[in-house]
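The values are calculated or read from the model by the stated rules, or taken from the named source; none is laboratory data. Given the structure is predicted, the values throughout are model-derived calculations rather than measurements. Note: ideal-geometry Cβ built from the backbone for every residue, glycine included; neighbour counts use all protein chains shown.
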Amino acid sequence: MNRPVTIDTITERMKEFGTAGQVRKNRIRMKTVPEKIHDAITTSQAMLGFDRLITISTVDNGQTFELLYHLIGSDRIIMSLAIDLPRDNPVTPTVSDLLPSAGIYERQIHDLFGIVFSGNPNMKRIMLNEDWPPEEYPLRKDWKPNPDVFYGGIKGERS
Amino acid sequence: MPEVVVSIGPHHPALKEPVNFKVIADGEKIVRLELDLSYNHRGVEKAAEQRDFIRVLPLLERVCGICSHSHSTAFAKGIEEIMQVGIPPRAQYIRTIIAELERMHSHLLWLGVAAHLIGFNTLFMWTWRDREAVQDTLEEMSGNRVHYNMNEIGGVRCDLTPAQVNAALGRLPNLEERINKYVDMVNYEETMLIRFRGVGRLSKEEALRYGTVGPTARASGVDYDVRKDDPYLAYADAPWNVVTDTHGDVYGRTRVRVWELQESLGIVRFCLENLPEGPIRVPVPKNAPKGEILSRYEAPRGELAHFIRTNGTDKVERVDIRTPTLANWTSVAMCLVNQNIADIPVIVAAIDPCLSCTSRITLLDNRTKKAGVMSFDELIRRYRSRHPEEV
Amino acid sequence: MAVPETGMSRRLMSWARAKSPWITVYNSGACNACDIEIIACLMPRFDVERFGILVKGSPRHADILIVTGHVTLKQASRLRRVFEQMPEPKYVIAMGACGASGGVFHGLYHMMSSVDSVIPIDVYVAGCPPRPDEIINAVVTCLNLMEEDTAHGGKEWRQKKPAPGVDTEGKSCTVAS
């Protein structure tokens, strides 16, 4: 990476992956699709110097789930890559092979939202207790605790 | 075999539950690590969607008891930016003073606990006694030693009187003298911290790749610091420097934290002496417009990221909290592979895990197929028994 | 378990327990502010160890259990197990707003309904977090309670004591000070 990276170079370089929208002076938000996310991150790492993943955020939009990957590089520009996943089949490829820190975030999102990250070898429970029933995802907007289901705690005594 | 020195979050023999991960071992060597954070999962993010902005700030404060101001300021800052409201300079300075005092109390706490883990209890007592001066200042300013609740959307809750400012300034010289003693200790008297050397080493490339943040990353030479990268509050006005070190091991992280204590004291002094006049809050609309923001804040343990999305009502649509300790766990997992079980306490403690992810360590022995649960006390005893000459 | 205090050894034990209680702390899903205030009690500013109060790690040696935090679903069975490991007579102090009603975490999906649905509580301390002085006061209150219980021959005198004029339908009330 010889020349400094600016918002314009990023917009130019990432054009093939999706549309860009500038949010603030050092932030840029790109909308892309799940099939291209892997290549988008590879390009941003190799060509634009984004070497750190800040976090992966999720939002439940009703019809879709939106995933945002926030990356930052040595030029201190934050790029957020946004993808939409359909609610009835939220599957997306994992990026933990490119960014090792993504593994833990993907595990957390899977526990709480039920989004499947295909290719991630370690999809075990991390945030919810071991007695939590498998198909209940508490952070989805339409989830309400069911009084007849045992979610954990002491059997027979949950008041 | 590298020597290991641990500095973990406040771990006294009294406390039972440190961090939790399953260690799959082959005899004494660790093969794999599995993390389980469910002991402290309280579902704060879901609750935050059901509370309006006034009620959600005390909830977010109590995500963590050591960095409570960090969470509430990160959230308030994000909402103010979505509303496009600028808070008055006096409020910015007051928030900065509280933030840096919190950083000081957190680093002193860590230093004490680190010392306790290597058996150096005198330093434990010293640092926690010095910490009381910071707590007194915070209590005078906000009314509580922890969970200050100073933030409101649009400013701060209460003002600083001249008497409070003078009292705080009066405590700083003594505190500065104590901190300089600790700085001398890390600079010159290495024998005290010799057991921190060479343990849990992270190179600069590894630190970046595993997404480490905070003093853990800065000790490996990575100079990310949100206060300089994305200046917020009064950090652009106050003269201070980002502290980095090149050692990359626990000794380096100790140096970074102790030097940061000095920098924080300087920032507090500057803000107290140059407190601008004016109002402490501005009126804000009840509902926030639709928008989203990634609000980053430099908590004592590293970069805290709140992703907030609003939907035009007086509640948030989503707040996604990524704590710095979560970001640092990957580096711990990577560091621990091929180390000995007895070295776990050191490497874990080096990242200064916030106890809000507390738990126990479960050991699964691959060879004998036995599972056992070990508490941190036992691990520390095991570590000390293997290195008897250093106790 | 109403054991009359006869015999020199029993009187000696109850004297020792009241003069120098051993405490164990259990964090059942807290934000850790309460735990730090407990450790601050042991530090030079407040220094409870000069009173003979020892904070030990194991519940098997403890007289008093201090529970911090509002119990998460994961910690419920473990907290129950820790309580059962303690030898009689045992006392429980629930710290802070979380111990009393759940504090800010009341009603969330990963929490039990209250701490006293898991174990019986003897003393509640108000605060979020309670100051170290208030914690020491709570331990002293607990010690006074210990002496009263010893004088009455056990804990039963505290149970089933309805408020005058109020019909409790035979429910027993746990003690709160």
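Kindly indicate whether any position in segment B:201-209 is more than 14 Å from chain A (Cβ to nearest Cβ), modelled with pLDDT under 90 and surrounded by fewer than 20 Cβ atoms within 10 Å (Cβ to Cβ).
Step one: of segment B:201-209, the residues more than 14 Å from chain A (Cβ to nearest Cβ) are B:201.
Add one more test, that the residue is modelled with pLDDT under 90, and what stays is B:201.
Right, trim to surrounded by fewer than 20 Cβ atoms within 10 Å (Cβ to Cβ) and you get B:201.
The answer is yes, given that some residue of segment B:201-209 is more than 14 Å from chain A (Cβ to nearest Cβ), modelled with pLDDT under 90 and surrounded by fewer than 20 Cβ atoms within 10 Å (Cβ to Cβ).
Checked against the criterion of being farther than 27 Å from B:Ser106 by Cα, touching a residue at least 60 places away in the same chain (Cβ under 8 Å) and loosely packed, with under 15 Cβ neighbours inside 10 Å, the candidates B:Glu277, B:Glu317 yield just one match: B:Glu277.
If only residues of segment C:21-62 that are more than 10 Å from every other protein chain (Cβ to nearest Cβ) and assigned to a loop (DSSP other than H, G, I, E, B) are counted, the one that is nearest to C:His110 (Cα to Cα) is C:Ala62.
Being basic (Lys, Arg), closer than 21 Å to C:Phe46 by Cα, surrounded by 15 or more Cβ atoms within 10 Å (Cβ to Cβ) and without any contact (Cβ under 8 Å) to a residue 24 or more places away in the chain: is that true of B:Arg178 here? No; evaluated as a whole, the condition is false for this residue.
Taken together, B:Lys290, B:Lys286 contain a single residue that is in contact with a Phe, Trp or Tyr (Cβ under 9 Å, 6 or more places away or on another chain), farther than 27 Å from B:Ala167 by Cα, surrounded by fewer than 17 Cβ atoms within 10 Å (Cβ to Cβ) and among the basic types (Lys, Arg), which is B:Lys286. One residue stands out in segment A:94-106 among those that are assigned to a loop (DSSP other than H, G, I, E, B) and small (Gly, Ala, Ser): the one that is farthest from B:Val222 (Cα to Cα), namely A:Ser96. When the residues of segment C:113-146 are filtered to those that are free of Cβ contacts under 8 Å to residues at least 24 places away in the same chain and farther than 20 Å from C:Gln159 by Cβ, the one that is nearest to the other protein chains (Cβ to nearest Cβ) is C:Ser113. Within segment A:53-62, the set of residues being more than 8 Å from chain B (Cβ to nearest Cβ) and either surrounded by 24 or more Cβ atoms within 10 Å (Cβ to Cβ) or at pLDDT 90 or above (or both) comprises A:Ile56 only.
Determine whether segment A:10-24 contains at least one residue that is touching an Asp or Glu at 6+ places or on another chain (Cβ under 6 Å), outside any loop (DSSP other than H, G, I, E, B) and either surrounded by 15 or more Cβ atoms within 10 Å (Cβ to Cβ) or among the acidic types (Asp, Glu) (or both).
Checked segment A:10-24: no residue is touching an Asp or Glu at 6+ places or on another chain (Cβ under 6 Å), outside any loop (DSSP other than H, G, I, E, B) and either surrounded by 15 or more Cβ atoms within 10 Å (Cβ to Cβ) or among the acidic types (Asp, Glu) (or both).
Looking at segment B:58-150, the helices (runs of 4 or more DSSP H) lying wholly inside it that each contain 1 or more residues that are crowded, with 24+ Cβ neighbours inside 10 Å, touching a Gly at 6+ places or on another chain (Cβ under 9 Å) and without any contact (Cβ under 8 Å) to a residue 60 or more places away in the chain sit at B:121-142. A:Gly49 fulfils the conditions (1) of a type outside the set (Phe, Trp, Tyr); (2) within 14 Å of another protein chain (Cβ to nearest Cβ); (3) on the phi < 0 side of the Ramachandran plot; (4) out of contact with any Lys or Arg (no Cβ under 6 Å at 6 or more places or on another chain) except for a single criterion, (3).
Among the residues of segment A:63-88, those that are under 15 Å from the mean Cα position of the chain (by Cα) and more than 10 Å from every other protein chain (Cβ to nearest Cβ) comprise A:Thr64, A:Phe65, A:Leu67, A:Tyr69, A:Leu71, A:Met79, A:Leu81, A:Ile83, A:Asp84, A:Leu85, A:Pro86, A:Arg87.
Does at least one position in segment C:64-74 carry a residue that is touching a Pro at 6+ places or on another chain (Cβ under 9 Å) and more than 29 Å from A:Met127 (Cβ to Cβ)?
Quick first cut of segment C:64-74, residues touching a Pro at 6+ places or on another chain (Cβ under 9 Å) only: C:64-65, C:68.
Okay, now just the ones that are also more than 29 Å from A:Met127 (Cβ to Cβ), so C:64.
Looking through segment C:64-74, at least one residue is touching a Pro at 6+ places or on another chain (Cβ under 9 Å) and more than 29 Å from A:Met127 (Cβ to Cβ).
Go through (1) in contact with a helix residue (DSSP H, G or I) (Cβ under 6 Å, 6 or more places away or on another chain); (2) within 14 Å of chain C (Cβ to nearest Cβ) and name the single condition A:Met123 misses. Status for A:Met123: all satisfied but (2).
Which residues, taken from segment C:117-144, are surrounded by fewer than 19 Cβ atoms within 10 Å (Cβ to Cβ), under 11 Å from the mean Cα position of the chain (by Cα) and part of a helix (DSSP H, G or I)? Scanning segment C:117-144 gives a single hit, C:Thr141. Just checking, does segment B:173-181 include any residue being within 14 Å of chain C (Cβ to nearest Cβ), among the basic types (Lys, Arg) and under 23 Å from B:Ala76 (Cβ atoms)? There is no residue in segment B:173-181 that is within 14 Å of chain C (Cβ to nearest Cβ), among the basic types (Lys, Arg) and under 23 Å from B:Ala76 (Cβ atoms).
Summed over segment A:74-93, residues that are in a loop (DSSP other than H, G, I, E, B) and surrounded by 20 or more Cβ atoms within 10 Å (Cβ to Cβ) total 2. As a summary of the residue check, A:Lys155 satisfies the conditions (1) over 25 Å from B:Tyr210 (Cβ atoms); (2) in contact with an Asp or Glu (Cβ under 7 Å, 6 or more places away or on another chain) except for the one numbered (2). I'd like to verify a number: residues in segment A:77-116 that are without any contact (Cβ under 8 Å) to a residue 60 or more places away in the chain and either β-branched (Val, Ile, Thr) or within 22 Å of B:Ser331 (Cα to Cα) (or both), how many? Looking only at that region, the number is 23.
Test B:Thr212 against the stated conditions and say whether it is at pLDDT below 90 and either within 13 Å of chain A (Cβ to nearest Cβ) or part of a loop (DSSP other than H, G, I, E, B) (or both). The answer is yes for B:Thr212.
If we scan segment B:229-239, do we find a residue that is of a type in the set (Phe, Trp, Tyr) and not in a loop (DSSP other than H, G, I, E, B)? No, segment B:229-239 contains no residue that is of a type in the set (Phe, Trp, Tyr) and not in a loop (DSSP other than H, G, I, E, B).
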